[in-house]
1. State whether one or more residues within segment 322-342 are β-branched (V, I, T) and closer than 15 Å to F100 by Cα.
2. Which condition number does V317 fail, the rest of (1) under 16 Å from the mean Cα position of the chain (by Cα); (2) more than 14 Å from the ligand (Cβ to nearest atom); (3) more than 22 Å from V241 (Cα to Cα) being met?
3. With the requirement that a residue be within 14 Å of the ligand (Cβ to nearest atom) and touching a Phe, Trp or Tyr at 6+ places or on another chain (Cβ under 9 Å), what does segment 108-131 give you?
4. Which residue, of A134, A92, is within 15 Å of the ligand (Cβ to nearest atom), at pLDDT 95 or above, crowded, with 24+ Cβ neighbours inside 10 Å and of a type outside the set (S, T, Y)?
5. Given the options E280, E263, E253, name the one that is under 22 Å from F340 (Cα atoms), in contact (Cβ under 8 Å) with a residue 12 or more places away in the chain and not polar (S, T, N, Q).
6. Within segment 238-256, count every residue that is more than 16 Å from the ligand (Cβ to nearest atom) and buried (at least 21 other Cβ atoms within 10 Å of the Cβ).
7. Scan segment 392-405 and report the pairs whose first residue is of a type in the set (D, E) and whose second residue is surrounded by fewer than 22 Cβ atoms within 10 Å (Cβ to Cβ) and modelled with pLDDT of 95 or more, with Cβ atoms within less than 6 Å and a gap of 6+ or a chain change.
Amino acid sequence: MLGILFRDASILDGTGARPFRGDVRVDGARIAAVGPRLDASPGDTVVACAGATLMPGLIEPHAHLSFLDQRHPGHFSTIPVEEHLLATLKHAKLYLDSGFTSCFSAAATKPRLDIVVRDAIARGDHPGPRLLAASVQLTVTGGVGDLRQLHLDPGEAMYTLPCDGPVEFRRAAREACREGVDVLKIVPSGDTSTPAIPSPTTLMTDDEVAAVCEVARERGKRVAAHARSAASVKMCVRHGVDVVYHATCADDEALDMLEAAKERVFVAPALSVTWTRLHESGRFGLPSSPELTARIERDLAMTCERMIELKRRGVRVLPGGDYGFAWNPHGNNARDLAFFVDLLGFTPMEAIVAATKFGGELMGQPGELGVVREGALADLLLVDGDPLADITILQDRTRLRAIMKDGAFHKAPAPGS
Ligand SMILES: [Zn+2]
């Protein structure tokens with residue numbers, strides 16, 4: 001079988017082990033061997049790495065491929081589905097171009113966008129990361145992203161699907177399962193960006209969260225939650241939500257519950273969307289006031305404090321920064337690793353493990369995705385330089401000499417390299 005042999009790479013295997021110099025052989029979609037010196041088989045393509053870093057493809061735990069780098073979420077409702085699909089496919093390719101070979105979706109903005117994009121990628125019809133497809137956000141009437149107003153056509157509110165009571169949540173969750181999602185996304189709390197329902201507000205009730213989790217369990221799906229309030233985090237843990245985003249206002253009890261569930265739960269703060277809103281959103285003409293700035297600063301500080309504590313307790317804290325807004329555009333996703341280093345005190349190695357090995361666990365393929373080892377899927381990056389010395393090089397697409405997914409080059413190394 002014709003394989004691909006990466007010769008003399010610095011192998012950063014995603015597990016946290018120190019990099020070592022060696023070879024990696026890929027056969028078909030998988031890594032066939034890893035060792036200090038492997039023999040090339042006749043017909044193998046040999047990639048001379050000369051010490052460049054060979055590492056697992058990055059994994060985005062909080063993707064919104066159908067976000068439109070827009071200033072205001074209302075845009076989702078006015079773009080027709082055809083144009084929206086093209087934009088989503090374009091973003092999928094951009095993520096792969098940026099070294100992200102897997103994405104866990106944290107909500108689509110129309111019900112079937114993620115699903116058809118996932119399937120097009122899986123069939124090989126369009127380049128993109130392997131994708132776990134999400135539903136639209138399910139929240140309550142008047143919840144985050146419920147942009148309906150009585151003077152508008154209710155059909156315009158596709159960004160979020162408002163449901164009230166366990167019966168409506170169960171129906172919405174089942175409809176999403178029927179269409180083929182992998183992830184049910186719920187929004188049980190308020191948000192930094194919505195003054196009427198700020199982060200400490202809890203929107204969904206216990207029986208509503210329980211209803212969605214029950215459907216997910218019946219159908220073998222995952223549940224992801226935008227949970228900033230303490231009570232919402234506790235409901236999520238209690239009812240079996242798989243990934244808790246933000247956890248901004250988690251109190252001691254919520255932290256204890258996350259710790260007790262650390263074998264199964266993931267936490268991802270989405271730092272970038274908040275950090276960039278504070279520091280880089282000025283030129284986009286967003287609403288701003290001293291009170292709003294103070295609130296965003298407080299939310300960011302609280303989130304960081306919680307993440308540092310959760311990491312200390314051994315909870316898996318993952319990057320993923322809610323990319324897809326004008327001030328936090330798609331393609332910048334590797335910035336989150338630098339934010340983990342700068343704001344949470346992760347070492348570059350810990351940030352990389354969070355974005356690779358833990359990402360593979362979140363994708364439901366532990367040991368197969370996010371690691372460089374014999375038998376794992378060959379999702380690999382060949383990086384010019386050492387990301388442990390400078391984590392920001394992962395943000396530079398020109399430093400990604402090769403990008404491989406499922407054993408096939410999306411970006412082949414330049415000839416002679
Ligand atoms: Zn999000």
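1. Of the residues in segment 322-342, the ones β-branched (V, I, T) are 341.
Next, from what is left, pick out any that are closer than 15 Å to F100 by Cα: none.
No, segment 322-342 contains no residue that is β-branched (V, I, T) and closer than 15 Å to F100 by Cα.
2. Result: V317 fails condition (3) only.
3. Just the residues of segment 108-131 that are within 14 Å of the ligand (Cβ to nearest atom), to begin with: 108-109, 114.
If the condition is that a residue be within 14 Å of the ligand (Cβ to nearest atom) and touching a Phe, Trp or Tyr at 6+ places or on another chain (Cβ under 9 Å), then T109 is the only one that fits.
4. Numbers: A92 fails: within 15 Å of the ligand (Cβ to nearest atom).
Being within 15 Å of the ligand (Cβ to nearest atom), at pLDDT 95 or above, crowded, with 24+ Cβ neighbours inside 10 Å and of a type outside the set (S, T, Y) holds for just one of A134, A92, which is A134.
5. Values: E263 fails: in contact (Cβ under 8 Å) with a residue 12 or more places away in the chain; E253 fails: under 22 Å from F340 (Cα atoms).
The conditions single out E280.
6. Kept after step one, since they are more than 16 Å from the ligand (Cβ to nearest atom), are these residues of segment 238-256: 238-240, 249-256.
The next check asks that each one be buried (at least 21 other Cβ atoms within 10 Å of the Cβ); those that pass are 239, 249-250, 254.
Matching residues across segment 238-256 total 4.
7. none
Residue-wise test of (1) within 16 Å of the ligand (Cβ to nearest atom); (2) modelled with pLDDT of 95 or more; (3) small (G, A, S).
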{"residue": "G282", "(1), (2), (3)": "no, no, yes"}
{"residue": "T303", "(1), (2), (3)": "yes, yes, no"}
{"residue": "R312", "(1), (2), (3)": "no, yes, no"}
{"residue": "G321", "(1), (2), (3)": "yes, no, yes"}
{"residue": "A351", "(1), (2), (3)": "no, yes, yes"}
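The values are calculated or read from the model by the stated rules, or taken from the named source; none is laboratory data. What you are looking at is a predicted structure, and each value in this text was computed from that prediction instead of being measured. Methodologically, a virtual Cβ is constructed for each residue, glycine included, from the backbone with ideal geometry; neighbour enumeration extends over all protein chains shown.
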